[in-house]
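Some notes on the structure that comes next.
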Amino acid sequence: QVQLVESGGGLVQAGGSLRLSCAASGRTVSNYGMGWFRQAPGKEREFVAAINWSGDSTNYADSVKGRFTISRANAKNQMYLQMNSLKPEDTAVYYCARTRFGRAGIVDRDFDYWGQGTQVTVSS
């Protein structure tokens, strides 16, 4: 089993920055891709970003390209999401997840373990 715990969420003004962290425990995640999803109130969960096992391949949703950066520290069993130039439409609960394989996933079915989420609220 793998446990994933997100942290770093909070309230920030538009244009500000936040850094989310995802800490993994239980079995190692260093051989697997990982990713971030988000779900806003009344909307379906959507893909944000993903990274492969080694950290040298990433995928981003068009809505966050150029503003968000995903990274990982395998030695620490951690993954991060640096979010800059935040917009009110980025407001959501953000979830980290592990893929079923080593590459960076994109769709929900690529991921098998999920965290409980952390709230990000961007005020205008």
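Could you work out what % of the accessible surface of the chain is carbon and sulfur, using a 1.4 angstrom probe and leaving DNA, RNA and ligands out of the count?
Within the chain, the accessible surface is 45 percent carbon and sulfur.
Under a plain spin-label model, where a point goes 7 Å from the Cα along Cα-to-Cβ, how far apart in nm are ARG27 and GLU89?
Taking the two extended label points, one gets 3.8 nm.
Could you pull out which residues in region 102-124 have an amide N less than 13 Å from a spot 7 Å beyond the Cα of GLN13, following the Cα-Cβ vector?
Within reach of a label on GLN13: 123-124.
Looking only at TYR60, TYR113, TYR80, which one moves most when the chain is put into a Gaussian network model with springs between Cα atoms under 10 Å?
Result for the chain, Cα springs under 10 Å: TYR113 fluctuates most.
Counting only heavy atoms of the protein chains, get the accessible area per residue of the chain (1.4 Å probe) and round it to a whole Å² value.
Result: 50 Å² of accessible area for each residue.
So if each residue of separation counts as 0.36 nm, and I subtract the Cα-Cα distance between GLN116 and ARG67, what length gain in nm does that give?
My answer for the length gained is 15.3 nm.
With springs connecting C-alpha atoms under 10 Å apart, model the chain as a Gaussian network and identify which of GLY105, GLY55, GLY26 has the largest mean-square fluctuation.
GLY26
Excluding residues fewer than 8 places away in the same chain, name every one of the lysines whose C-alpha is closer than 18 Å to that of LYS43.
LYS87
Given 0.36 nm per residue, what is the gain on full extension from VAL107 to GLN1 after removing their alpha carbon distance, in nm?
36.0 nm
The values are calculated or read from the model by the stated rules, or taken from the named source; none is laboratory data. Predicted, not measured: the structure shown is a model, and the values here were computed from it. With ideal geometry, Cβ positions are generated from the backbone for all residues, glycine too; neighbour counts draw on all protein chains shown. These area figures cover heavy atoms from the full protein model, side chains too; ligands, DNA and RNA do not enter into them. Shrake-Rupley method; radii C 1.70, N 1.55, O 1.52, S 1.80 Å.
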